Amino acid sequence: MSIEILGISKNFGSFKALDDVTLTIGQGELLALLGPSGSGKTTLLRVLAGLELPDVGKVQENGHDLTALGARDRNVGLVFQHFALFPHLDVFENIAFSLRVRKRPPAEVHERVEELLHLVQLEGLAHRRPAELSGGQRQRVALARALAARPRVLLLDEPFSALDAKVRHELRTWLRRLHEELGTTTVFVTHDQDEAFELADRVAVFHRGRIEQLGTPDEIYDTPKSPFVLDFLGNVQWLEGVEKGPVAVRHRDVTLHVDGVAGWPARIVRIHRTGSRVRVDLQLATGQLLIAALEPPAAQGLFVGQELRAVAERQYGFGA
Amino acid sequence: MVRILLSGLAMAWLTLMVLAPVVIVLVEALSAGVGAWWQAVSDEETRTSVALSLKVAAIVVPCNAVFGVAAAWALARFRFRGRTLLLALLDLPLSVSPVVSGLVFVLLFGAQGWFGPWLQAHNIQIIFAVPGIVLATAFVTLPMVARELLPLLESQGDDAELAARTLGASGWQVFWLVSFPRMRGALAYGVLLCMARALGEFGAVSVVSGHIRGQTDTLPLHVEILHNEYHFQAAFAAASLLLLVGVATLLLRRLHTSESGH
Amino acid sequence: MGLLTKKRAPAAMPGLGLSLGITITWLSLVALIPLSALVIRAGSLGFQGWLDAVSGERVWLSLRLSFGASLIAAGLDTLAGLLIAWVLCRYKLPFQAFWDVLVDLPFALPTAVAGIALTALWVPDGWLGRFAAPFGGKIAFAEPGVIVALAFIGLPFVVRTVQPVLQSAEKELEEAAESLGASPVQIVWRVVLPSLRPALLTGFALAFARAVGEYGSVIFICGNIPMKTEITPLLIVSRLEQYDYAGATALATIMLAFSAVILTILQLLQSGRRLALR
């Protein structure tokens, strides 16, 4: 079962939220829609959910047109950024909601909800209200609720952005495992490249309503197709006048050589530790600042004021 | 379809239940022409009743404005034992029946009241006289300014005042230079509401006034007298003045809320 | 002042003594002392005296009318108020601002004006009364008139408590329900109404409280027929007019106690709402 998005455009007034987007999502795939805010990724998710009608284009499932189907009949599981749990219902009834509105027999509802509570590890909390849960617990309730009616596709809008850093990391790992276990086709929206790369099979990078690049995390990281993608992935800087035309260099691709002859002459301005790496600020002969993010062993013996040569193992030029 | 049905029902209810009473006041007031309206409005007794209403409001509103600022300040800026009780008591005058609000003053100052004999001995008239009307009006409009200021002061927080304090301002300087300018809008609106209510209060005033024509007749009481005497057109003409006050309050409220954005 | 338990730092925030002094003085003079006079006066009747003053068929009938008509009126207000709040929040009406202002009119209209206007509308040959007359329905000078007047003054309480809740209601909740397969009716019934329940209850209680104590807008339309259309506040006034202070006082204590109970319930509803929103 694959989902095809064919030539979808959507305008809000004069703002082009989606501009001729075409994309195929494979059965069981975990796809990330990555991009800055306003790039169209959330709009595409809402079009997939049936909450927005595209101006042009189609959504198909195995060649079967879904575009005209409302959110109610589409049977997708949608997890909202702020979870949108029903505050007046407890955890059990929140998860049971999609089954209740389908008038499933109580015994079946009970069984399915118990199964989901087990899946999201919230067995003891069935009768709590959402207000009594932590952020991570709410997230898991929202996920269980979305999965209850066995949706054809699971859609997550910025699923971790409302959580604090530690919980976010735990849930990422957990979601990846869950996906492997269930195999539900999953699309999630994020503005966080780490999140996209860590979780997704494929990543679609969005920019101004268009897909700027689509590929596996490796493809996107190693061969960014445009300056935008490269910039968006971050930890990169643009240098002028050291080569022909402007080039982009990733901090982690810079190596330093005390005795080398090749490379750009540079002087160390500042050295400091940033988490797992050591950041070295260098002044180039052109006056520009270059940042090198080194593995700690490579930074040993370096000192401020030292003159040496900097080599960029990779440079990106985009033929400008 | 559902939208049209529901919108129609809502507009019908508002039209029949709320708009129609307003329209009929104007229609009846002008039923004998503008001349007759003017005659009713400029009638000697109507004029005295308007003057009395304005006089009562002129006494009550400043008192309740000062009270409102003080109460909002104390309740919003400090936490003390009994604060919750004070908050609840503040609401009481608005939820008590206006008839009860008038009655309590009769029990205190009426001929059979606690202070009745003493007042009589000293020839002081409170009930069936202006002081009674002032007291009853003050009672029913008591929390109106405070109610407007309290949420504002709560939401503003006390950072600015504390900052002024650390910059060396005295207590009064803090109030006049920092707090007062920021509460001016809400204060003006609270005063307006208080005034409108003071001019229009009927039940409480009716109990203490004694309906002495030309002496203890406020404008709403005058409307009642005219109506009871079957001078309907005159009653509606006098009522149209009160209606104007009410509508003006509503329009100013609209301006106030669109300005302060809530 | 022994009232104070906690001050941040000495004199950090100025003016507690003065502001609290003014507050308590004026509140006592205008409200607390008069109200306690009422309570003490009622106490001096003794329990038997009090009971005698509030028993009798005329009192019973007035209480039944006051509370019964107020319940019906507040119920009508809750239905109409929910409808109007919904329409104002969710649909765009022609002249939206006009209808919105109109909702507040019963707040702003002096009760005596409302009273004579409603009477003129609902008398048998009035603009609206004539439609009821052919069906043998008498509105003005009968019980329905009382309900009409009370429904008039109570409407804004419901609309204005429900409206902000509807406005701040997350559209997401309804979208979530929709994507989980709920039909429009199911969304309203299972998601929208439950989230409005506390606000509806509060609005109902406010409208009910206001209606029970209401005087001005009712006395014109009800016709003041003892044992039939005599509301309790009116009975208090007529007892006062006959210099029956004891009888008036006893009835007033019932009204005062009712206000206190409603205020407490509203307080509980409020804290319940805060808890639910946490």
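The values are calculated or read from the model by the stated rules, or taken from the named source; none is laboratory data. Quick caveat: nothing in here was measured; it's all calculated off a predicted structure. All Cβ positions, glycine included, derive from the backbone under ideal geometry; neighbour counts span all protein chains shown. Each accessible area value is taken on the protein alone, full model and side chains, heavy atoms only, with ligands, DNA and RNA left out. Shrake-Rupley method; radii C 1.70, N 1.55, O 1.52, S 1.80 Å.
Dividing the helix sum by the residues of chain C, where each DSSP H run of 4 or more adds -39500 (n - 2.57), gives a mean residue ellipticity at 222 nm of -24000 deg cm²/dmol. Scalar couplings 3J(HN,Hα) for the stretch A:50-56, obtained by applying the Karplus form with A = 6.51, B = -1.76, C = 1.60 to θ = phi - 60°, are x, 8, 10, 9, x, 6, 9 Hz; x denotes Gly and Pro. Candidate membrane-span-like segments in chain C, meaning DSSP H helices with Cα atoms spread over at least 15 Å of their own axis and a Kyte-Doolittle mean of -1.0 or above, are C:16-27, C:33-44, C:57-90, C:96-108, C:111-122, C:143-168, C:193-213, C:245-277, with no membrane implied. If R0 is taken as 51 Å, the Cβ-Cβ distance between residue C:127 and residue B:125 corresponds to a FRET efficiency of 0.75.
Can you tell me the length gained on complete extension of the stretch residue A:152 to residue A:258, counting 0.36 nm per residue apart and subtracting the Cα distance?
On the way: separation 106, 0.36 × 106 = 38.16 nm, distance 5.80 nm.
Residue separation times 0.36 nm, minus the Cα-Cα distance, leaves 32.4 nm.
Dividing the Cα radius of gyration by the Kirkwood radius, what Rg/Rh value follows for the stretch B:69-260? Don't jump to the answer; show the numbers that get you there.
Values: Rg = 20.5 Å, Rh = 19.2 Å.
Result: Rg/Rh = 1.07.
Per-residue surface analysis assigns residue C:227 an accessible area of about 90 Å², computed on protein heavy atoms at 1.4 Å probe radius.
If the only charges are +1 at each Lys and Arg Cβ and -1 at each Asp and Glu Cβ, what is the size of the charge dipole of the stretch A:236-312 around the Cα centre, to the nearest 20 debye?
Details: 9 positive and 7 negative charges, 46 e Å.
Roughly 220 debye, rounded to the nearest 20.
Towards the positive end of the charge dipole of the protein assembly as shown, with charges on Cβ (+1 Lys, Arg; -1 Asp, Glu), say which of C:196, A:262, C:17 has the farthest Cα. In the protein assembly as shown, that residue is C:17.
The helix-only estimate of mean residue ellipticity at 222 nm for chain B, built from DSSP H runs of length n ≥ 4 each weighted as -39500 (n - 2.57), is -24000 deg cm²/dmol after division by the residue total. On the principal axes of its alpha carbon atoms, the stretch C:17-152 extends 54, 48, 25 Å, with the longest extent given first. Of the trypsin sites (Lys or Arg not before Pro) found in the stretch B:166-239, the ones in coil according to DSSP and having at most 12 other Cβ atoms within 10 Å of their Cβ are B:213. Take the accessible area of C alone and of B alone, subtract that of the pair with a 1.4 Å probe, and the total buried over both chains is about 7800 Å².
Helix A:135-147 sits at what angle to the longest principal axis of chain A, using alpha carbons and giving 0 to 90 degrees rounded to 10? Tilt of helix A:135-147: around 60 degrees.
Near the amide H of residue A:40, within less than 5 Å, lie the amide hydrogens of A:209, all on another chain or at least 5 residues away, with H placed in the peptide plane. Of the residues A:117, A:69, A:156, the one whose Cα sits farthest towards the positive end of the charge dipole of the protein assembly as shown is A:117 (charges of +1 on Lys and Arg Cβ, -1 on Asp and Glu Cβ, taken about the Cα centre).
Dividing the summed -39500 (n - 2.57) terms of all DSSP H runs of n ≥ 4 by the residue count of chain A sets its mean residue ellipticity at 222 nm at -8000 deg cm²/dmol.
With only the Cα atoms considered, the protein assembly as shown has a convex hull volume of 250 Å³ per residue.
How long are the three semi-axes of the equivalent ellipsoid of chain A, in whole Å, if each is the root of 5 times an eigenvalue of the C-alpha gyration tensor, listed from largest down? Kindly include the intermediate steps, with their values, before the conclusion.
Values: eigenvalues 408, 121, 41 Å².
In descending order, the three semi-axes are 45, 25, 14 Å.
Close amide H contacts of residue A:153 (hydrogens built in the peptide plane, cut-off under 5 Å, sequence separation of 5 or more or a different chain): A:77.
Students sometimes get this wrong: rank B:46, A:255 by accessible area, probe 1.4 Å, all chains present, largest first. Walk me through the numbers on the way to the answer.
Details: B:46 0, A:255 40 Å².
The ranking, largest first, comes out as A:255, B:46.
Between their Cα atoms, which of C:92/C:171; A:16/A:41; A:41/C:92; A:41/A:166 are more than 20 Å away from each other? From the list (C:92/C:171; A:16/A:41; A:41/C:92; A:41/A:166), the Cα-Cα distance tops 20 Å for A:41/C:92; A:41/A:166.
Dipole magnitude of the stretch A:23-94 about its Cα centre, charges +1 at Lys/Arg Cβ and -1 at Asp/Glu Cβ only, in debye to the nearest 20?
On the way: 5 positive and 8 negative charges, 37 e Å.
Value, rounded to 20: 180 debye.
May I ask which residue of B:125, B:140, B:218 lies farthest towards the positive end of the charge dipole of chain B, with charges of +1 (Lys, Arg) and -1 (Asp, Glu) on Cβ and the Cα centre as origin? Sorting the options by dipole projection puts first B:140. Entry note, the stretch A:3-229: relative contact order of 30 percent, from Cα contacts under 8 Å with a spacing of 6+ residues.
With +1 on each Lys and Arg Cβ and -1 on each Asp and Glu Cβ, and nothing else charged, work out how big the dipole of the stretch C:54-277 is about its Cα centre, in Debye to the nearest 20. Working shown, then result.
Numbers: 15 positive and 15 negative charges, 30 e Å.
My answer is approximately 140 debye.
Rounded to the nearest 10 degrees, the inclination of helix A:91-101 to the longest alpha-carbon principal axis of chain A is 60 degrees. Annotation: per residue accessible area for the stretch A:47-94 equals 38 Å², rounded to a whole number [probe 1.4 Å, protein chains only].
What are the membrane-span-like helices in chain B by this rule: whole DSSP H runs, Cα extent along the axis at least 15 Å, mean Kyte-Doolittle hydropathy at least 1.0? Write out the running numbers ahead of the final one.
Values: long enough: B:2-14 (18 Å, 1.75); B:44-77 (49 Å, 0.98); B:83-95 (19 Å, 1.33); B:98-109 (17 Å, 2.58); B:130-140 (16 Å, 2.24); B:144-156 (19 Å, 0.44); B:180-200 (29 Å, 0.86); B:232-260 (41 Å, 1.10).
The answer, listed by residue number, is B:2-14, B:83-95, B:98-109, B:130-140, B:232-260.
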